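To start, the structure itself, in structure tokens.
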Amino acid sequence: MNITADIRYIGVNDHQIDLFEGQYAVKNGMSYNSYLISDEKIAVMDTVEAHFGEEWLQNLKAALQDRHPDYLVVQHMEPDHSANIRLFMDTFPEAVIVSSAKAFAMIGQFFGTDYAERRIVIKEGDTLPLGKHTLRFIAAPMVHWPEVMMTYDEADGALFTADGFGKFGALDVEEPWTDEARRYYIGIVGKYGMQVMNVLKKAAALDIQMICPLHGPVLKEDLPYYLNLYQTWASYKAEEEGIVIAYTSVYGHTKTAVLELAEALKKNGCEKVAVYDLARDDMAAAIADAFRYTKLVLATTTYNADIYPFMRDFLSRLTEHNYQGRTVAMIENGSWAPMAVKVMKTMLEKSKNLVYAEPVVSIKSALTEQNRCEIKALADELSKA
Ligand code: FEO
């Protein structure tokens, strides 16, 4: 697949995968992107995941048309992109690796050699001339590992963004970009908003005609849309007005409260209400929507003098990803000593700029009329702009 006259896509689609990074469900698989830049010199941008080495090598050889690559640019050392470095180096003994000092330390760790005789160590601002194309390197630490370098090709205005601007989903499946890109970003890069902002500032100075990530499609149209979304996500702002209700329920009473709240919100005209059963629905989608929307309702049972494990997991992930600046409401249930609200508030203590909506709904076993009035009052409160 030609991206431009000189840049070819040589990546692969993975439909065998069950959980990406061992935790994210990817119903439409995953793509591991790799690119070939053909000029007087030839550069390959990253490799692919371990299981796809031979397929990638075939793609690469077909694109090379009997020429030989000069450089393997390693932007990111996570194995979904770096696993086939040795295969490449063994196949093309004349080639050298171009990467950051931190990446070469990791190459040593993963492969038992840091290719000291076959390497070019680059840093922020360094360039690699290929002929008509010159690659300029942009440090992008923690997007999503510390060694990451992005790469800008001025000739085609192509910004190679490593994991940045990636998404879940293989490229041979048609699906909208935004939801799976958000779920991917929040889950994988979301903790490092400040570092993403730093890279976006550098990107703002470039004439970008296309974004070439290591997962998901090459982005060529409407680039401000994607750049603005990343700005929103990196700054932890909500994308839009809306309410996520994340709950756990053991015998259904807490679930009843949640469904009544959702119903009351819809009656009040709230259009965006997303309800997640944390034991059964996709946790990463619940987390992504919590960042997407302005308000979050947490509903859970007291359990072993703590909270239900799936809610604990949800809150751990939320706070780990720097959840902040939202309105939060709480519903708890406990048959003899409800204390879920106390535990949840403690877990959220480090989250900045949260506003707690009233009233708190405290259920003892099953809903009472008093609880139903509180749910109605909470729905009215959350329905305010
Ligand atoms: Fe796609 Fe951080 O690896």
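If you check Asp156 against the conditions, is it of a type in the set (D, E, K, R), surrounded by 16 or more Cβ atoms within 10 Å (Cβ to Cβ), over 22 Å from the mean Cα position of the chain (by Cα) and not in a strand (DSSP E or B)? Judged against the criteria, Asp156 is a match.
Restricting attention to region 340-370 and to residues that are part of a helix (DSSP H, G or I) and touching a helix residue (DSSP H, G or I) at 6+ places or on another chain (Cβ under 7 Å), the residue that is farthest from Ala329 (Cα to Cα) turns out to be Met347. Only a single criterion out of (1) over 19 Å from Met77 (Cα atoms); (2) at pLDDT 95 or above; (3) more than 16 Å from the ligand (Cβ to nearest atom) is not satisfied by Ala43, namely (1). For region 8-15, the criterion of a residue being among the hydroxyl-bearing types (Ser, Thr, Tyr), surrounded by 21 or more Cβ atoms within 10 Å (Cβ to Cβ) and within 30 Å of Gly187 (Cβ to Cβ) is satisfied by no position. When Gly131, Gly190 are checked against the criterion of being at negative phi and in contact (Cβ under 8 Å) with a residue 60 or more places away in the chain, Gly190 stands alone in meeting it.
When you scan region 175-198, do you find a residue that is assigned to a strand (DSSP E or B), within 16 Å of the ligand (Cβ to nearest atom) and closer than 23 Å to Met77 by Cα, even just one?
Checked against the condition, which is being assigned to a strand (DSSP E or B), within 16 Å of the ligand (Cβ to nearest atom) and closer than 23 Å to Met77 by Cα, region 175-198 yields no hits at all.
When only residues in region 59-111 that are among the hydrophobic types (A, V, I, L, M, F, W, C), within 17 Å of Met150 (Cβ to Cβ) and away from the ligand (no atom under 16 Å from the Cβ) count, which is surrounded by the fewest Cβ atoms within 10 Å (Cβ to Cβ)? Once the filter is applied, the top-ranked residue is Ala101.
No other residue among Gln209, Gln231 is closer than 20 Å to Arg326 by Cα, more than 16 Å from the ligand (Cβ to nearest atom) and of a type in the set (S, T, N, Q) apart from Gln231.
Does Gln231 satisfy the condition of being in contact with a Pro (Cβ under 7 Å, 6 or more places away or on another chain), outside any loop (DSSP other than H, G, I, E, B) and not basic (Lys, Arg)? The answer is no for Gln231.
Exactly one residue among Ala290, Ala274 is under 23 Å from Leu382 (Cα atoms), at pLDDT 95 or above, in a helix (DSSP H, G or I) and not β-branched (Val, Ile, Thr), and that residue is Ala290. Contact annotation: residue pairs with Cβ atoms under 6 Å, 6 or more positions apart or on different chains, pairing a residue in region 215-228 that is on the phi > 0 side of the Ramachandran plot with a partner that is of a type in the set (Gly, Ala, Ser), are Gly216/Gly166. Screening Asn304 against (1) under 21 Å from Ser383 (Cβ atoms); (2) modelled with pLDDT under 95; (3) not hydroxyl-bearing (Ser, Thr, Tyr) leaves a single unmet condition, (1).
The values are calculated or read from the model by the stated rules, or taken from the named source; none is laboratory data. These numbers were taken from a predicted model, which means no experiment stands behind them. Don't worry about glycine lacking a Cβ; one is built from the backbone with ideal geometry, like all the others, and counts go over all protein chains shown.
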